[in-house]
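A quick write-up on the structure given underneath.
The values are calculated or read from the model by the stated rules, or taken from the named source; none is laboratory data. Since the structure is predicted, the reported quantities are computational estimates derived from the model, not experimental observations. All Cβ positions, glycine included, derive from the backbone under ideal geometry; neighbour counts span all protein chains shown.
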Amino acid sequence: MVTLRGGGPRRGNSLSKIGLIKNGAVLVRDGRIVSAGARADVERRAAAKAAEKLDVGGRVVLPGFVDSHTHLIHAASRTEEYELKIQGASYEEIARKGGGILNSVKKLRAATHDALKSRAIAALREFAEYGTTTVEAKSGYGLDAASELKILRLHRELNQEQPLEIVSTFLGAHVVPLEFRAKKDGAEQYLALLMEKLLPEVVVGDLAEYCDVFCDRGAFTVGQSKRLLRKAKEHGLRPRLHAEQLSRSGATQLGVELGAASCDHLEQVNDADIRALGKSETVGTLLPGCDFHLGLKQYAPARKLIEAGAIVGLATDYNPGTSPTVSMPMILSLACSQLRMTPAEAIAAATINGAYALGREKTIGSLEAGKQADLAVYEVEDYREIPYYFGMNTCWMTMKSGEIVWMND
């Protein structure tokens, strides 16, 4: 049993201290953990004697994965672009021709509520099958008031109607939509729309906890991002940033300055950015699935970040264009093989540190008394086999708040 007990987040040397217990047990009541530890100790508790017993047969038990960066709501894949990329077209070349994010925007605006919801429910079932119990979900494929609100309301519906926990993020500032690009000062006009119309509606409707901005070449500048995120903070939404993915933009330094919950991607960070993250409470969330799918050679410098004391997280970046995967075990495999993280570090980054990135480290992300009973059980003999078997799903059972939400029969 991998407990990750002892509080979060993990950083530096503590990232690899995962609280391993052999022959462990977890006692659950009313959806919460009463006790987690050595089986003999747990079974001595009075409440354990009357409890229903579920023997997982020597399998490995982890906290459920906390996927702290996804683009859950989208209308269709972008397989046609996948083939273009294989033939040598870059992400930015495709975007300049109306592909990329704008392609997904066009498809989402045309999609019905029911079609989007059905696609998301299917994805959430698959998340559960791989051991994920909490998912952050961003808007950002609408880029007009009606479509962005449609996505955020879907987040709320899905959170209420299916078992996985969904944490909603407003990403209206994903890119400048097509209808604003031909206008003089179009980006500024679009930012004004976000700040004066959309943000207040998001807040009044209680549709998001976070506000994210894609601060990079071809998207939004540091200055534009700063103005929007400051306005979001005034409205009570905590900042997040897509930072340093395509270029070194300064987004990480901005994130630290604003006390952002996380700066995500980080492939192009420099030493000053790494030092700033190391001294901050902002999580550096790494998304190696994106680099893998795009065929990029440069992954984020995980080892430098860990050595600097940064809080490192891992997430899938599930989206239709650059990381079409719901598999956190595959992300762990990439973290180990490409980012040179150990299996223990990768598991901590994908559980307790992901929970911290979502402001939920006191309720999820580890197996200890008082927390939600979010568990994932794997058909392996050693926790290191979870990333070792890349591209394979060894998850045997997933439990959310004490209820089994998926089981491999």
Restricting the search to the stretch 254-271, which residues are in a loop (DSSP other than H, G, I, E, B) and farther than 16 Å from residue 232 by Cβ? 266, 267, 268, 269, 270
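Conditions tested, residue by residue: (1) in contact (Cβ under 8 Å) with a residue 24 or more places away in the chain; (2) crowded, with 19+ Cβ neighbours inside 10 Å.
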site: 162; (1), (2): yes, no
site: 166; (1), (2): yes, yes
site: 170; (1), (2): yes, yes
site: 181; (1), (2): no, no
site: 187; (1), (2): yes, no
site: 194; (1), (2): yes, yes
site: 202; (1), (2): yes, yes
site: 212; (1), (2): yes, yes
site: 218; (1), (2): yes, no
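Here's the yes/no breakdown for (1) outside the structural domain of residue 268 (by TED's automatic domain parsing); (2) more than 29 Å from residue 67 (Cβ to Cβ); (3) in a loop (DSSP other than H, G, I, E, B):
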| site | (1), (2), (3) |
| --- | --- |
| 159 | no, no, no |
| 167 | no, no, no |
| 189 | no, yes, no |
| 193 | no, yes, no |
| 219 | no, no, yes |
Filter result (surrounded by fewer than 24 Cβ atoms within 10 Å (Cβ to Cβ) and in a loop (DSSP other than H, G, I, E, B)) within the stretch 301-321: 301, 308, 309, 320
Output the number of residues of the stretch 288-300 satisfying the condition of being buried (at least 17 other Cβ atoms within 10 Å of the Cβ) and either small (Gly, Ala, Ser) or without any contact (Cβ under 8 Å) to a residue 12 or more places away in the chain (or both). 2
Sort out which residues of the stretch 231-273 are farther than 30 Å from residue 196 by Cβ and surrounded by 20 or more Cβ atoms within 10 Å (Cβ to Cβ), and write them in order of number. 266, 267, 268, 269, 273
For the structure I just gave you, tell me whether residue 228 is in contact (Cβ under 8 Å) with a residue 40 or more places away in the chain, crowded, with 19+ Cβ neighbours inside 10 Å and farther than 30 Å from residue 127 by Cα. yes
Residues in the stretch 72-89: is at least one within 28 Å of the chain's Cα centre (by Cα) and assigned to a strand (DSSP E or B)? no
Selection status of residue 140, part of a loop (DSSP other than H, G, I, E, B), closer than 21 Å to residue 258 by Cβ, in the same structural domain as residue 262 (by TED's automatic domain parsing) and not charged (D, E, K, R): yes
Which numbered condition residue 336 fails, given (1) in the same structural domain as residue 288 (by TED's automatic domain parsing); (2) in a loop (DSSP other than H, G, I, E, B): (2)
Odd one out for residue 67 among (1) surrounded by fewer than 21 Cβ atoms within 10 Å (Cβ to Cβ); (2) touching a residue at least 12 places away in the same chain (Cβ under 8 Å); (3) acidic (Asp, Glu): (1)
Residue pairs qualifying under the 6 Å Cβ cut-off, at least six apart or on distinct chains, with the first in the stretch 35-49 being closer than 13 Å to residue 24 by Cα and the second being in a helix (DSSP H, G or I) and of a type in the set (Gly, Ala, Ser), are 42/48
Being over 16 Å from the mean Cα position of the chain (by Cα) and part of a loop (DSSP other than H, G, I, E, B) is the filter here; which residues of the stretch 342-358 pass it? 342
Part of a loop (DSSP other than H, G, I, E, B) and under 21 Å from residue 283 (Cα atoms), is that true of residue 361? yes
